[in-house]
Amino acid sequence: MCALPVHASDVPPELIALGLKFLDDPGDFFFNLHTANEDYSPLPGDKRGSLRFNFFPTFIPTTWANLSAKAKITNEDGSWPQIDIAGSYGDLLALHALSAGDEGNSVKPTFSDYSFGVIVSKQMEENTKLFGGIKYSSIQMDVAFSSPIASGDFSVSEIKFDMADTFYYTGIAQHTGKDRYIVGQLAYGPKYKKITSRLMVSNKHFEYGMDIFPEGVFVIQPFCGWHWNF
């Protein structure tokens, strides 16, 4: 048997549109993935801190190791709100393998992924908490391939971007059962005029949901991860 050649006409137009959108702004695509590693929802009132690891879509399939953490600064007391601080850090493990396997390349791949911010929340009803805050979110990548990665009409020889913005966000957390919360969140970054939203179901250790990016390569981005509150 012989393989038939793949022509541009054989590629679905939707796939071509996605490829062109990625090539036009790869930083936005990775920035959206980076958002999956973040968690800026308030801590439960009886907890002092948490650690979180995002499994999909960062660690699997992209080997994007990550860890986010939250710590309570003040408890809610009368008119005084609960205040938490939060941050995240990630590293793309595949780039280390790429760097080790391409010793002849004098320009080593670089990657940076982090965020930090403050969460202010207030109990409005017995099971309902409103929250808001500010976060600084940054991702930077510079990778040059020794030979272009090509597929059909698409060819990429370098991925280089440096994106950072300060986001303002607000949301609601509804306590629906023991160790179970439903969280809705909306954020805006003025530098890139970027709007993001999140809908998440959080259980004792496992959480899942979706991030929504109206202008992204993928408008809806599912995610799942684990967290440990203490």
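Details
- The requirement of being touching a Cys at 6+ places or on another chain (Cβ under 6 Å) and not acidic (Asp, Glu) is fulfilled nowhere in segment 62-85; no residue meets it.
- Annotation: of all residues in segment 36-53 being among the polar types (S, T, N, Q) and crowded, with 24+ Cβ neighbours inside 10 Å, the one that is nearest to ILE139 (Cα to Cα) is ASN37.
- Residue in segment 153-165 that is of a type in the set (A, V, I, L, M, F, W, C), surrounded by 15 or more Cβ atoms within 10 Å (Cβ to Cβ), within 19 Å of ILE220 (Cβ to Cβ) and modelled with pLDDT of 95 or more present: no
- Scanning segment 195-230 for residues that are of a type in the set (Asp, Glu) and in a strand (DSSP E or B) returns GLU207, ASP211.
- Pairs with Cβ under 8 Å, 6+ apart, first in segment 36-62 and without any contact (Cβ under 8 Å) to a residue 12 or more places away in the chain, second of a type outside the set (Phe, Trp, Tyr) and assigned to a strand (DSSP E or B): PHE59/ALA65; PHE59/ASN66
- Qualifying residue in segment 25-38 (condition: among the hydrophobic types (A, V, I, L, M, F, W, C), in a helix (DSSP H, G or I) and out of contact with any strand residue (DSSP E or B) (no Cβ under 9 Å at 6 or more places or on another chain)): yes
- Test result for HIS96, closer than 24 Å to HIS205 by Cβ and in a helix (DSSP H, G or I): no
- Segment 209-230: number of residues that are under 20 Å from ASN66 (Cα atoms), of a type outside the set (Asp, Glu) and under 13 Å from the mean Cα position of the chain (by Cα): 7
- Members of segment 84-104 that are in contact with an Asp or Glu (Cβ under 9 Å, 6 or more places away or on another chain), of a type in the set (A, V, I, L, M, F, W, C) and at pLDDT 95 or above: ALA86
- Qualifying positions in segment 48-82 - touching a strand residue (DSSP E or B) at 6+ places or on another chain (Cβ under 7 Å), under 24 Å from GLY132 (Cβ atoms) and among the hydroxyl-bearing types (Ser, Thr, Tyr): SER50, SER68, THR74
- Restricting segment 54-84 to residues that are polar (S, T, N, Q) and part of a loop (DSSP other than H, G, I, E, B), the residue that is surrounded by the most Cβ atoms within 10 Å (Cβ to Cβ): THR58
- Taking the criterion of being assigned to a strand (DSSP E or B) and either of a type in the set (A, V, I, L, M, F, W, C) or within 23 Å of ILE134 (Cβ to Cβ) (or both), the residues of segment 175-194 that qualify are TYR181, ILE182, VAL183, GLY184, GLN185, LEU186, ALA187, TYR188, GLY189, LYS194.
- Unique residue being assigned to a strand (DSSP E or B), closer than 26 Å to ALA97 by Cα and in contact with a helix residue (DSSP H, G or I) (Cβ under 9 Å, 6 or more places away or on another chain) when the list is SER157, SER138: SER138
The values are calculated or read from the model by the stated rules, or taken from the named source; none is laboratory data. In this text the structure is predicted, and so the values were computed from the model without any measurement. In this analysis, Cβ positions are derived from the backbone assuming ideal geometry, glycine residues included, and neighbour counts consider all displayed protein chains.
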